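To start, the structure under review is shown below, and the notes come after it.
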Amino acid sequence: MALTVTGDQVEAVLRERLPEDGFTLQNVPRRRGEMGADILADRDGVLTAVECIGFQENPPLRSKQFYEAFFRAISRLGQGAHRCVMALPKRFGRGMEQRARQYGEAWARIGKAFPELEIWLVDINNLSYERRRWNDWPVPS
């Protein structure tokens with residue numbers, strides 16, 4: 001099964017759009033194997049660390065990459081970031097409510113524990129992105 005959207009494509013859209021939205025990019029694209037956030041961007045003194053992933057057709061690989069991106073994103077808080085972001089292809093948005101329901105209370109607690117954590121859904125076709133907080137996806141009571 002194939003990777004239908006790459007993390008590099010997600011990153012390219014954000015690198016183009018973030019300056020238009022008032023962010024100053026603090027780093028250049030990393031080469032394969034280099035450590036650190038995919039994107040560091042500053043706006044009004046708030047440093048945002050962004051981790052970009054692609055979209056796999058294979059559900060187990062997709063989940064694995066999602067949670068790896070989660071841990072990479074929150075690890076940036078100890079490295080000076082004020083906000084940490086998981087940047088995902090827009091198609092992830094279709095399954096986010098299901099993912100939140102699956103984890104229920106644990107999902108909600110993650111959002112409370114990490115109020116700096118956001119998920120940005122990136123549309124590589126329209127060169128746009130939507131900013132969402134972790135707990136923007138409802139968890140049934």
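The set of residues in the range 37-66 being in contact (Cβ under 8 Å) with a residue 40 or more places away in the chain and either within 14 Å of the chain's Cα centre (by Cα) or part of a strand (DSSP E or B) (or both) consists of A37, D38, I39, L40, V50, C52, I53, G54, F55, Q56. Kindly provide the set of residues from the range 67-80 that are exposed (fewer than 12 other Cβ atoms within 10 Å of the Cβ) and part of a helix (DSSP H, G or I), ordered by number. Y67, F71, G78, listed by residue number. Within the range 88-101, can one find any residue that is outside any helix (DSSP H, G or I) and either out of contact with any Cys (no Cβ under 7 Å at 6 or more places or on another chain) or among the acidic types (D, E) (or both)? Checked against the condition, which is being outside any helix (DSSP H, G or I) and either out of contact with any Cys (no Cβ under 7 Å at 6 or more places or on another chain) or among the acidic types (D, E) (or both), the range 88-101 yields at least one hit.
Table: residues versus (1) in a loop (DSSP other than H, G, I, E, B); (2) under 17 Å from V122 (Cα atoms); (3) without any contact (Cβ under 8 Å) to a residue 12 or more places away in the chain.
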| site | (1), (2), (3) |
| --- | --- |
| T4 | no, yes, no |
| L14 | no, yes, no |
| P19 | no, yes, yes |
| N27 | yes, no, no |
| R31 | yes, no, yes |
| M35 | yes, no, yes |
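Would you please name the residue that is modelled with the lowest pLDDT, looking only at residues in the range 92-131 that are surrounded by fewer than 17 Cβ atoms within 10 Å (Cβ to Cβ) and closer than 18 Å to R17 by Cβ? Checked the range 92-131; the qualifying residue modelled with the lowest pLDDT is G93. Residues in the range 4-30 that are basic (K, R) and at pLDDT below 95: R30 only. Taking the criterion of being closer than 20 Å to G80 by Cβ and touching a Gly at 6+ places or on another chain (Cβ under 9 Å), the residues of the range 1-39 that qualify are N27, R30, D38.
The values are calculated or read from the model by the stated rules, or taken from the named source; none is laboratory data. Computed from a prediction, not measured in an experiment: that's the story for all the values here. FYI the Cβ positions are ideal-geometry reconstructions off the backbone, even for glycines, and counts take in every protein chain you see.
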